[in-house]
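Working notes, structure below.
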Amino acid sequence: MNVISKSKVNLSLAAAFMLCSIAAGQQYHVSKDGSDSNEGFLNAPFKTISAAAKIAQPGDVITVHEGVYRERINPPRGGESNKRRIVYQAAAGEDVVIKGSERVTDWEKVQNDTWKITKPNSFFGGFNPYDDLISGDWFDARGREHHTGAVYLNGHWLTEASEKSQVLQPVKKQPIWAYRQPSSYLLNVNWIKPEGGEKIPAADFSTQHGVRKEPASQGGQCIAFIQHGDWARYDVDFGENAGQITFGAASDTTGGLIEIRLDSPEGKLLGTADIPNTAGWQSWDSFTARIKPVSGNQTICLVFLSSGSKPVKNPLWSPEMNSSNSGLWYAEVSDSQTTIWAQFKDVNPNREQVEINVRQTVFYPEKPGRNYITVRGFKLMHAATPWAPPTAEQIGLIGTHWSKGWLIENNQISYSTCTGVTLGKYGDKWDNTSQDTAVGYVQTIKRAKDNGWEKNNIGHHTVRKNTISHCEQAGLVGSLGAVFSTIKDNEIHDIHVRQLFSGAEMAGIKLHAPIDCLISDNHIYRTARGMWLDWMTQGTRVTRNLFHDNDVYEDLFVEVNHGPFVVDNNILLSRRAFYDNSQGGAYVHNLFAGEIFRSAEFNRETPYHKPHSTEIAGLSNIKNGDNRFYNNIFIGGDGLASYDKAILPVYMGGNVFLNGAEASESEENPIVLQDFDPELKLSRDDSNIELAFPESAVSADTMLITTEILGRTEISDLPYLDCDGSNLKVDTDYLKAQRSKGNPTPGPFEEIKEGDVSFKVR
């Protein structure tokens, strides 16, 4: 009797414990030593993460223990709220890797450094990345085919060859990716003018080497290039000791570099001019190049180089990796099997870890609306992701798929054929049918409204403290689905550095409609373009980010936005710091150490919104201007001089211009020290920034920047608020130190004194 009573008591206690566990959320465990027939508890764990995902309910936590898991996690459901999430996490202190690849060991030697492997198509299941071409809206294949598959040697990828014959050759000492591939682009030259001289119309130009002339909208000529190295010759009267030359020009696709040479394409180099993508071959702007002094009547050549024609400044691999990772691969797929050829220099691939892609993604819900999911502490690698334009479903190595409230933190996300993290839109029958037009994207936005694009339904994600690298489209991309999100404390690097293909979506962070987003404290380097905020950047705050070595394009590009948005306390150190193709931005307490470009955009009308809403309030083109520049430091380049030609008013004050940087006529009392070189340096480990600071800059006449000071935007007629909707007050610096209320120091650092200073920036 006592035994029975004791059993009943134990059963009652167990039942009570189970009820409490259910109320608080169940704890499931996954281990490489487990079994999917287990119940998933600590002493009886599952073997796969997918098994735990199938049964996890809101409030549950899935803890994954050490090991390499080769699977695609497709969450069948999400949580209910921030307090009742479904959490996927790596066990504390344990190394948990999830890969979209499989290891292969049956390679056969062919010739030279080349080996091959043949697999039945069933090996890949329903998705074969070696038969999956990269394509879509705004994609540029650069004249060849690209597949989403990849081959990895000891964790690092090889490069896809365009022809089988290439992979049968010995491995070259210089890997193919070490030089940027030339890209075709259009450059329109309307006029050229030497300093102190008259404009020479393009009709008077003589052209050579495949260059042709076509009428352009403003009386100029379109010079079209198929390869870099094309050139045009001009007879110019420089007068006496000319020191600069100005172009009226426009470019399409990628823009490029102009070399100004004397007499011939091989002649003395007088100077160079960067021509960015001005967002259309009819969108004109002027660009000035300083040149070595010349005088009198001279013949000069303008030699045009595409932006992809120069050696990479910071190669993808370290020198130690080059010798073993410079190989190519090539694949052929028949009805029954897939054969892959790959180069392995001085390596037997059967004795190394060689992997091939078999899965499109690693962590991505098949269906939208999987809300409130946490992904924490994993190494996520090797995904055969597709091209992710703003007008199609955006599938990343990890992605939220048109959901709400994800938390992606403390992960290492790397080696995705196209994108790392996607906060993007759903897919439908109109995917990749926009004909690459603004009108097509406007229709995409309207359809999104019918598919729940509302503040209560979509976005509100947090992506923080991740390392994102080695993605060939974007580190993080999001069209419409990133609204009201926070992206902070991430390290993003080596994005689109191989440049085998191109398009309009390449950046460390690329967002369409980052409405009321906070993008802060990120370290972005060695990318084609650091950050690209494209369309509907409204209520956004970009603060305390460090950019450097983003030398294909620039650190920050804002395209066809109407504001209000705020860019404050950032450090931009690349050759091109900033490209402004928007209006309504406020730039406060930044350090710009590279060139600044601006352009208008009359041919596209893009949306602006009702405050803190996805509801469209209207459409407008980009006249350019309506910007605020307060308390910034500009080092080199042209500073803000180009804003003298902006159509809308520009408001400025408290800015400092050093080492040749020029002030705008719109600013009454700038500090201009063109001969002062602050000798800016970023230490090798990217942890310290050093510069010298002049006394006059320390004592600049500034004011604390607030919502009241910034006023309202011209087009959207809205005030500058913080991204949470509160009044804005830029009262802390890059290091989060308090700023002076009466006279804050220009630039991102408040505690600056005259002379040499150093700050730890990471």
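Any read-out appearing in this document is the output of simple, stated calculations on the displayed coordinates, not a laboratory observation. Keep in mind that what you see is a predicted model, and the values were worked out from it rather than measured. Neighbour counts are summed over all protein chains in view; Cβ atoms, including those assigned to glycine, are modelled from backbone coordinates with ideal geometry.
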Checklist entry - How big is the antiparallel share of DSSP beta bridges in the range 594-674, given as a percent to the nearest 5? => result 35 percent
Item to check | Dipole in debye (nearest 20) - the range 486-635, about Cα centre, beta carbon charges: Lys, Arg +1; Asp, Glu -1 | outcome: 120 debye
Checklist outcome for this item: Sequence order, the range 378-385: Karplus ³J(HN,Hα) from phi using 6.51 cos²θ - 1.76 cosθ + 1.60, θ = phi - 60°, Hz rounded, Gly and Pro as x, gives 9, 9, 10, 9, 6, 10, 8, 6
Checklist entry - Using θ = phi - 60° and the Karplus form 6.51 cos²θ - 1.76 cosθ + 1.60, what ³J(HN,Hα) does each residue of the range 515-523 get, whole Hz, x for Gly and Pro? => result 5, 6, 8, 9, 10, 9, 6, 8, 10
Next on the checklist: Among 418-430, 68-80, 701-713, 463-475, how do they line up by average Cβ neighbours within 10 Å per residue, starting with the highest?
Outcome noted: 463-475, 418-430, 68-80, 701-713
Next on the checklist: Per 0.36 nm of contour for each residue apart, how much would the distance between residue 199 and residue 727 grow if the chain were fully extended, relative to their Cα-Cα spacing?
Outcome noted: 185.3 nm
Checklist entry - Once the other residues with Cβ under 14 Å from the Cβ of residue 713 are scored (Lys, Arg +1; Asp, Glu -1), what is the net sum? => result +1
Next on the checklist: Students often check this: by mean Cβ neighbours within 10 Å, which of 349-355, 387-393, 586-592 ranks highest, and how do the rest follow?
Outcome noted: 586-592, 387-393, 349-355
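Please give the length that would be gained between residue 264 and residue 706 if that part of the chain were fully extended, namely 0.36 nm times their separation in residues minus their C-alpha to C-alpha distance (nm, one decimal).
The span from residue 264 to residue 706 would gain 153.7 nm if fully extended.
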Checklist entry - Long-range amide H contacts for residue 487: which residues qualify at under 5 Å (H placed 1.01 Å from N, peptide plane, sequence gap of 5 or more or a different chain)? => result 463, 518, 519, 520
Checklist entry - Going through the range 624-689, which trypsin sites (Lys or Arg not before Pro) have at most 10 other Cβ atoms within 10 Å and a DSSP loop state? => result 684
Checklist entry - Assuming R0 = 51 Å, what is the FRET efficiency of residue 435 and residue 695, from their Cβ-Cβ distance, to the nearest 0.05? => result 0.35
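Which value, in debye to the nearest 20, describes the size of the charge dipole of the range 553-762 about its Cα centre when Lys and Arg Cβ atoms bear +1, Asp and Glu Cβ atoms bear -1, and nothing else is charged? Provide the component values of the computation, followed by the final result.
Working: 18 positive and 35 negative charges, 94 e Å.
The dipole magnitude comes to about 440 debye.
Are any of the pairs 47/404; 465/736; 164/345; 623/645; 367/455 more than 22 Å apart by Cα-Cα distance, and if so, which?
Going by Cα-Cα distance, 47/404 fall outside the 22 Å limit.
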Item to check | Neighbourhood net charge (12 Å Cβ-Cβ; Lys/Arg +1, Asp/Glu -1) for residue 399 | outcome: +1
Checklist entry - Using modelled backbone amide H atoms (1.01 Å from N, in-plane), which distant-in-sequence or interchain residues come within less than 5 Å of residue 693's amide H? => result 755, 756, 757
Checklist outcome for this item: Extension length gain for residue 683 and residue 111 (0.36 nm per residue less Cα distance), in nm, is 201.4 nm
Next on the checklist: Between residue 35 and residue 102, what is the label-point separation in nm under the 7 Å Cα-to-beta-carbon projection?
Outcome noted: 2.4 nm
Checklist entry - Suppose every K and R has +1 on its Cβ and every D and E has -1 on its Cβ; what is the size of the dipole of the range 369-446 about the Cα centre, in Debye to the nearest 20? => result 240 debye
Checklist outcome for this item: Between the residues 515, 532, 500, the Cα farthest towards the positive end of the dipole of the range 485-532, that dipole coming from +1 and -1 charges on the beta-carbon of Lys, Arg, Asp and Glu, is from 500
